[in-house]
1. Is it the case that region 227-236 has a residue that's farther than 23 Å from residue 152 by Cα, crowded, with 23+ Cβ neighbours inside 10 Å, in contact with a strand residue (DSSP E or B) (Cβ under 7 Å, 6 or more places away or on another chain) and not assigned by TED's automatic domain parsing to the domain that holds residue 57?
2. How many of the residues making up region 31-63 are closer than 27 Å to residue 253 by Cα and part of a loop (DSSP other than H, G, I, E, B)?
3. In region 293-349, what residues are at pLDDT 95 or above and under 25 Å from residue 279 (Cβ atoms)?
4. For region 198-214, state whether one or more residues are in contact with a strand residue (DSSP E or B) (Cβ under 6 Å, 6 or more places away or on another chain), free of Cβ contacts under 8 Å to residues at least 40 places away in the same chain and surrounded by fewer than 23 Cβ atoms within 10 Å (Cβ to Cβ).
5. What's the total number of residues in region 264-296 that are in contact (Cβ under 8 Å) with a residue 60 or more places away in the chain and not in a loop (DSSP other than H, G, I, E, B)?
6. Report yes if some residue within region 103-111 is without any contact (Cβ under 8 Å) to a residue 60 or more places away in the chain, over 17 Å from residue 295 (Cα atoms) and under 18 Å from the mean Cα position of the chain (by Cα); otherwise report no.
7. For residues that are modelled with pLDDT of 95 or more, in a loop (DSSP other than H, G, I, E, B) and within 21 Å of residue 208 (Cα to Cα), tally how many sit in region 8-30.
């Protein structure tokens with residue numbers, strides 16, 4: 001996608017073949033800065049500090065982190081140590097461990113001298129596959145937008161609401177929840193996006209608004225509690241969000257506040273879709289509310305906010321009394337069937353929570369689910 005008019009990915013292997021380049025997302029939207037990571041420790045820090053974030057992207061970063069570790073020391077002990085270090089960086093998104101396990105499985109049978117090269121190649125393949133998955137989500141999500149556009153007056157935009165950032169900044173490229181919006185824009189369909197600010201890290205305000213602006217997609221930033229009001233007044237045609245982990249029965253872990261959007265959508269009859277890359281499905285977990293570990297981040301992310309002053313300088317300010325403590329769960333879980341009519345949009349087609357576990361647990365069932373057409 002575009003930054004300052006240039007095609008850019010969020011992560012890449014540098015020309016030296018021994019380090020990885022990233023966009024430092026902690027600096028956006030006020031600064032566009034790139035960082036070079038040359039060790040697994042640097043990658044783990046980039047993941048935990050959210051220099052890179054979004055489930056697919058941290059998976060890709062973790063894969064490269066393991067390759068960097070093996071370039072330094074290709075031993076079994078190094079592989080285990082780096083795997084454990086990187087897996088601890090953020091616990092909720094399943095893509096990270098999936099990517100680490102995939103790279104480890106690829107290199108473990110190899111001679112030590114061949115491991116680093118194979119790991120870098122596998123990390124690159126994970127990146128390219130992520131782009132292909134996201135392009136598939138965009139193609140099939142476009143069908144939803146086209147169907148809504150046909151029911152509206154000619155020229156009237158399709159109004160979508162999204163939470164957090166599930167655009168290209170959360171992936172290697174194209175994005176998950178935002179990919180259908182980019183596909184609609186490229187086809188010439190009028191779209192407009194309501195963007196939740198997504199407190200406390202403000203990924204919607206900082207990142208989604210930034211990338212939509214760079215792509216020229218009309219959008220409006222709203223406070224996190226505005227979505228229900230907009231739905232009540234018929235101003236939202238479709239809610240589409242990303243996900244960090246989906247259980248075998250269809251429970252969806254995503255950025256804190258997603259559950260409340262699902263409740264509002266259900267109450268107002270607004271379709272609620274989850275853009276779901278296949279590596280985000282965790283078949284080992286059934287009950288997401290009970291079993292998905294929810295990352296608890298620093299309370300200072302709630303009591304403080306970062307912005308840019310009239311002097312053009314970026315500043316961090318306190319917005320709560322000094323003695324006030326803050327809780328900061330980073331994710332919540334939206335239950336799947338039968339409690340919520342959650343729709344899933346993958347690189348193939350749509351599915352619904354009903355029968356999700358039985359369908360996705362078998363390859364043939366997965367194909368049937370994703371080819372079953374649009375949910376009613």
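The values are calculated or read from the model by the stated rules, or taken from the named source; none is laboratory data. None of these values were measured; they are calculated from a predicted model. Every residue, glycine among them, receives a Cβ derived from its backbone with ideal geometry; neighbour counts consider all protein chains shown.
1. No, every residue in region 227-236 fails to be farther than 23 Å from residue 152 by Cα, crowded, with 23+ Cβ neighbours inside 10 Å, in contact with a strand residue (DSSP E or B) (Cβ under 7 Å, 6 or more places away or on another chain) and not assigned by TED's automatic domain parsing to the domain that holds residue 57.
2. 6
3. Correct list: 293, 294, 295, 296, 297, 329, 330, 331, 332, 333, 334.
4. Yes - at least one qualifying residue is present in region 198-214.
5. 10
6. No - not one qualifying residue is present in region 103-111.
7. Residues that pass the stated criteria total 9.
Every residue, every condition in (1) part of a strand (DSSP E or B); (2) over 27 Å from residue 241 (Cβ atoms); (3) within 23 Å of the chain's Cα centre (by Cα), yes or no:
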position: 298; (1), (2), (3): no, no, yes
position: 306; (1), (2), (3): yes, no, yes
position: 312; (1), (2), (3): no, yes, no
position: 316; (1), (2), (3): yes, yes, no
position: 320; (1), (2), (3): no, yes, no
position: 323; (1), (2), (3): no, yes, no
position: 336; (1), (2), (3): no, no, yes
